[in-house]
Amino acid sequence: MINTKLFANKKIILFLFILLLLVPSVLSLGIAPAYKTVILSSTSTTSTEYELRIMNENGVAQTLELSVVGDLSEYVILSKYKLEFVQGQTQQDIKVTISMPKGIDLKPGEYVSRILLKEKSSSQSGMMAVVGVASRVEMIVPGDGALLKSTLFAPNFKKNAPNAFSIEVKNLGGKDAKNCKAVIEILTPLNVNIGALTSESITILAGETKNILVPWSPSDIVGNYLAKSSILCDNGDTNDERAFLIGSADLRIVSFESDNFKLGGISKFDLIVASDWPEEIKYVNAQVDIIKNDVTIYTAKTENKDIQANGKVIFPVFLDTKNMVPDKYSVFVTLKYLDKEFEQVYNAYFKENEVIIDAPSGMVVGGNSLDTTKVDGLNNGNNSLLILAIIFILAVNGFLVYKLIKKKSKS
């Protein structure tokens, strides 16, 4: 007799495995433009047309299908809903046509549709329904009054340093928006409001776009925060929000020293690294280069370690000095973490049974700060989501395999 539960579990494992194989191919797909804004007018008799480019970055032979979902999706017409890519072909263009709905009294406001791109599976089951990417279509019905749309931009703030939020405000309506003020609320990750900022009053003319700067010099502790913006006018309002940072996830070298140094052999150094960031920083490692007369004579690398919030970690560094003589050397210590590199340079005097390391002679910081760009749909930033998805799939897979093995051992 067939064990139906066992069979079902095997099907789940197979599905997860196939899904895991499909994820990298999804990331090779792209749509441009990522979003399009169209003004719909009840008096307009013409439709709006634009080109949509479908990108197949890996140039693999595959079949892609497109569909439209969301508000007024039946009025967003594609010239093609199925695309065949041959080997080596990296892009195709289609035409998107948007028309004003006939015989429908639309309320003023914003209507959003999405053009979805799906990869067709070659398996016998047919369509795998894996959504690759999406292009956002914003359809604006202005009406007779003011119609506001805002986008909040938040930089990474440095503590006690002047900077500013920026809000782009568009008046898509037929009337001026008067006596408009920007209000920005600052919230912690626990949703605790720690303050609010307010701009001066302005008027935003019909059809006009204005940028409002709201200065701020934060004195709060470093970490992640959320900004919620509101544009409040006498005849309209609009809202947006954005995550941002105060400070950055920087590490610092506390010390680099050896208690039992012997020239001509392998000596262990302790590299102590500290974090002032209120969250864990994962996968930190270091590289140590010994340089003499601008020539690297030895390189050592450490293992990866996680540094807890506001914590310290000791990295053991093993240097082989068998080909070195008593002399002065330059020691370059490079920390690597997130998308950053931090380098600190020491003067080191190697003696027979002693090493003297001077205070750092210089430091260089490289890499990019953390990105808090807000992304609509499945666009940029998929790498983090992909990693989380893979971890989740592997965890579920492992759990199901464990249950199968356990059940088999009992039977």
Computed label-point distance, nm, for sites L226 and D306 using a 7 Å Cα→Cβ extension: 2.4 nm
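How high is the relative contact order of segment 249-312, given as a whole-number percent (alpha carbon pairs under 8 Å, six or more residues apart)?
Details: 108 pairs, mean separation 20.9, N = 64.
33 percent.
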In this structure, the FRET efficiency calculated for T198 and Q87 from their beta-carbon separation, with R0 = 60 Å, to the nearest 0.05, is 0.55
Using 0.36 nm per residue, how much length does the chain from I291 to N347 gain when fully extended, once their Cα-Cα distance is taken away? 19.2 nm
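Test of understanding: ordering I356, I140 by Cβ neighbours within 10 Å, fewest first, what list do you get?
Working: I356 12, I140 19.
If I rank by nearby Cβ atoms, fewest first, I get I356, I140.
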Over 27 Å between C-alpha atoms is what I'm after, so list which of K80/K149; K159/K312; K159/K292 land there. K80/K149; K159/K292
With a Förster radius of 41 Å, plug the Cβ-Cβ distance of M324 and K158 into 1/(1 + (r/R0)^6) and report the FRET value to the nearest 0.05. 0.50
Given charges at Cβ of Lys, Arg, Asp, Glu: segment 148-246 dipole, positive-most of L205, N239, A161: A161
Per DSSP, the loop-located trypsin sites (Lys or Arg not before Pro) within segment 58-109 having at most 14 other beta carbons within 10 Å are K102
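Any read-out appearing in this document is the output of simple, stated calculations on the displayed coordinates, not a laboratory observation. Keep in mind the model is a prediction, meaning the values are calculated, not measured. Note that each Cβ is placed from the backbone with ideal geometry, even for glycine, and that neighbours are counted across all protein chains shown.
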